[in-house]
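None of the figures in this text is laboratory data; all of them are computed from the coordinates on show. Since this is a predicted model, take the numbers as computed values, not measurements. Cβ sites come from the backbone with ideal geometry, for glycine too, and all protein chains shown count toward neighbours.
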Amino acid sequence: MEKGKFGIRLSFYAVAAFIFAILGYSTALILLAGVVIVGEKDEWAGRQVIQAICLQFVSGIISTFFGLFSFFYRIPIVGTVWGTVVSVVESIIALIILIFAIMGLVKVAKGKEAGVPLADKFANWAYGKITVMQQPVYQQPMQPAQPMQQPVQPMQPVAPAQPAAPAQPAADVCANCGSSLNGGAFCTKCGTPAAK
């Protein structure tokens, strides 16, 4: 990994941020974010520090939320049950945050993105990086080939049929037997007079 403006490896900032998040040092984490974002001005390191801050922020929000209901502790029996529920939920959330912080720590030590769920999206948004998810492409199933149909022409009005005129035999052919007349007035075969 390359070194920043102050001669410190950029991955050191990211590793330190996740260590501070694991230990719960929120003040040190905020100061480190200021050094990275304002001083170093490195996008990768800044995004990793923001992800570590998000982990610390979630822990603080959960504690604050349960602190709003601290009046339950004053109620007999309910206070005991409430205290147990709060400690179990906070322990589970602290374990989840610890797991994500360790996973992020290992990844940034190798120079990769921490990839903390939701926190990475927030860090990308903070730096103006928008990731576009690719939409799946659905293909229509293949249809069997069908012969091309000719376009249908609009119907044309049909004129009424005219009665056929009687066929006139050709002048050079006999009307009775169809033999050649050879220009004569009568058929040489059957003797029928030629039509005029």
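Taken about its Cα centre, the stretch 1-62 carries a charge dipole of about 80 debye when Lys and Arg each add +1 at the Cβ and Asp and Glu each add -1 at the Cβ.
Percentage of Cα-Cα pair distances in the stretch 3-57 greater than 16 Å, rounded to whole percent?
27 percent
Scanning residues 5 or more positions from VAL173 or on other chains, those with amide H under 5 Å from its amide H are LEU181, with H placed 1.01 Å from N in the peptide plane. Taken one residue at a time, the phi angles of the stretch 31-41 give Karplus couplings (6.51, -1.76, 1.60, θ = phi - 60°) of 5, 5, 4, x, 5, 6, 6, 8, x, 6, 6 Hz. Gly and Pro are set to x.
The HN-Hα couplings worked out from phi for the stretch 92-105 by the Karplus form 6.51 cos²θ - 1.76 cosθ + 1.60 (θ = phi - 60°) are 5, 5, 5, 5, 4, 5, 4, 4, 5, 5, 5, 4, x, 4 Hz, whole numbers, x standing for Gly and Pro. Put simply, the amide H of CYS187, placed in the peptide plane, has neighbours under 5 Å in THR192, ALA194, leaving out anything fewer than 5 places away on its chain.
When Rg is the radius of gyration of the Cα atoms in the stretch 41-112 and Rh is its Kirkwood radius, what does Rg/Rh come to?
Rg divided by Rh gives 1.18.
Highest-first packing order for the peptide set 66-77, 30-41, 112-123, 183-194 is 112-123, 30-41, 183-194, 66-77, based on the mean count of other beta carbon atoms within 10 Å.
Whole number please: convex hull volume per residue, Cα atoms of the stretch 1-99, in Å³.
Normalising the Cα hull of the stretch 1-99 by residue number yields 85 Å³.
For ARG9, nonlocal amide neighbours, meaning residues 5 or more places apart or on other chains whose placed amide H falls under 5 Å from its own, are GLY4.
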